[in-house]
Amino acid sequence: MPTRPLVFAAVGLVGLLLALPVPAASNPCPSNAFMDVSDSPGAGEGYPRPRLEVECDGDELVVSSNAIPHYEFVQITPNPLVELNRDYRMPLNPKLAEQPSPLPLLGPSGVAINGIPLFGPNEGPVPPPGFGDPIYNAIMDSCMGHTARQYHYHALIETCFDIAREANEPSPILAFGWDGFPVYGPFGCRDEACSEIVEFKSSWERLRAPRIDAWDAYRFVPKEGAEYLDRCNGHTHDDGDYHYHATATWPYIMGCFSGTPSADAGRESDRQLSRRDGGRGRPPGDDPRPTVEQVSRAAAELEIDEAKLAEALRLTDGRVAPMNYVAAARALGIEARDLYEALGVTAQLPPPGARGGPGGRRRGAGPPRQGGRPRGPRPQGPRPRQ
Ligand SMILES: [Zn+2]
Ligand SMILES: [Zn+2]
């Protein structure tokens, strides 16, 4: 008689199910948030076709692309458009970290729904002395992209992703950060019933013209009102889901990571960027914070106030800006090289006279860019927008 064992099996199964912890709900694979770029016009004649594949592997979202835009490439910087084949891995079930963490100073921090990487809201050391707001400096194409080592975005324009949104509809997802949280366009529902569509706004304020050192030109000031976003440019809706919104003003996409960025998301790109510097120094995407002891020792050696040094290095005030030694040295009126040496850190950027070999690494060898060939975008002269 097979009934008894079956009954026992059923009772056993119910008991087992009751005893097991409730498994955490896994997000569905968001692959259909991404574009099908296979029949898009592509970047133009002579360029590779855009490639984009998206899948979920266990608890990871895997985006594989060649970083070629699905629309006509318009060259803005002197860098050519090149294919960069990469797999980007992000958590499928992102969680808020205890503390937000800084974006990489250089290199990708996420990927858009067409497979193009996102960079933070600052440029590299160009135009010299650099690290300015690339949108303010007008070195972007009409989709807020341009080429460095690879084509990348510093802001997101909804219409560039073939999105025809009605005014009474919320914006769709435009990208994902390395921490796995989605980045929606600027418009969304004010409440769960979606009684009204509002444009979400950055809470960062501009202190001065952000031609150089963008992270020192803006300050996060929390604001009242449901339309204002947190310092990472995100918020939690009534349904409890956290996400970022692209905004019309700085930081445009993300201001920091609210979740934990996946460890290997941008690693390959960092290596490539590092190789561009002749393999010197750490990957530019890295952001190792000096210890209190290092700062204290460096302040004594440089004969500057310890608090001032900590502030210049963004180690105070709960700031989550990426570490920028060059900007910190500039703010302190000292040579970047002296700051590196005093802190005992490896240079982030090519030393002065990089082409001249190790002689360029001497202490006090002049400003970082002197003798060094500026790389990357060289606009015809920044034309600040008002
Ligand atoms: Zn850029
Ligand atoms: Zn939202």
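The values are calculated or read from the model by the stated rules, or taken from the named source; none is laboratory data. Keep in mind that what you see is a predicted model, and the values were worked out from it rather than measured. Glycine also receives a Cβ, built like all others from the backbone with ideal geometry; neighbour counts cover every protein chain displayed. Side chains are part of the model used for accessible areas, which takes the heavy atoms of the whole protein and leaves out ligands, DNA and RNA. Shrake-Rupley method; radii C 1.70, N 1.55, O 1.52, S 1.80 Å.
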Residue under evaluation SER142, criteria (1) open to solvent by 10 Å² or more (accessible area, probe 1.4 Å); (2) farther than 23 Å from LEU61 by Cα; (3) away from ligand 1 (no atom under 16 Å from the Cβ), criterion not met: (3)
Somewhere in region 81-103, is a residue under 11 Å from the mean Cα position of the chain (by Cα), open to solvent by 10 Å² or more (accessible area, probe 1.4 Å) and modelled with pLDDT of 95 or more? no
If you check LEU156 against the conditions, is it within 13 Å of ligand 2 (Cβ to nearest atom) and open to solvent by less than 20 Å² (accessible area, probe 1.4 Å)? no
Count of residues meeting criterion [more than 16 Å from ligand 2 (Cβ to nearest atom) and either among the charged types (D, E, K, R) or touching a residue at least 60 places away in the same chain (Cβ under 8 Å) (or both)] in region 159-178: 5
Please verify whether GLU199 is in the same structural domain as GLU60 (by TED's automatic domain parsing), open to solvent by 10 Å² or more (accessible area, probe 1.4 Å) and at pLDDT below 95, treating the condition exactly as stated. no
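Scan region 196-216 for residues that are in a loop (DSSP other than H, G, I, E, B) and within 15 Å of ligand 2 (Cβ to nearest atom) and jot them down.
Passing the criteria: GLU196, PHE200, SER202, SER203.
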Tell me which residues, restricted to region 315-325, are open to solvent by less than 50 Å² (accessible area, probe 1.4 Å) and out of contact with any Lys or Arg (no Cβ under 9 Å at 6 or more places or on another chain). THR316, TYR325
Residue count for region 93-117, restricted to those that are of a type in the set (A, V, I, L, M) and within 14 Å of PHE34 (Cβ to Cβ): 4
For region 205-244, give me the residue count where each residue is within 22 Å of SER101 (Cα to Cα) and among the acidic types (Asp, Glu). 5
Being assigned to a loop (DSSP other than H, G, I, E, B) and either among the charged types (D, E, K, R) or open to solvent by 50 Å² or more (accessible area, probe 1.4 Å) (or both) is the filter here, so list the residues in region 217-239 that pass it. PRO222, LYS223, GLU224, ALA226, GLU227, ASP230, ARG231, ASP238, ASP239
Out of the residues in region 242-262 that are of a type in the set (Phe, Trp, Tyr) and away from ligand 1 (no atom under 16 Å from the Cβ), state the one that is surrounded by the fewest Cβ atoms within 10 Å (Cβ to Cβ). TYR242
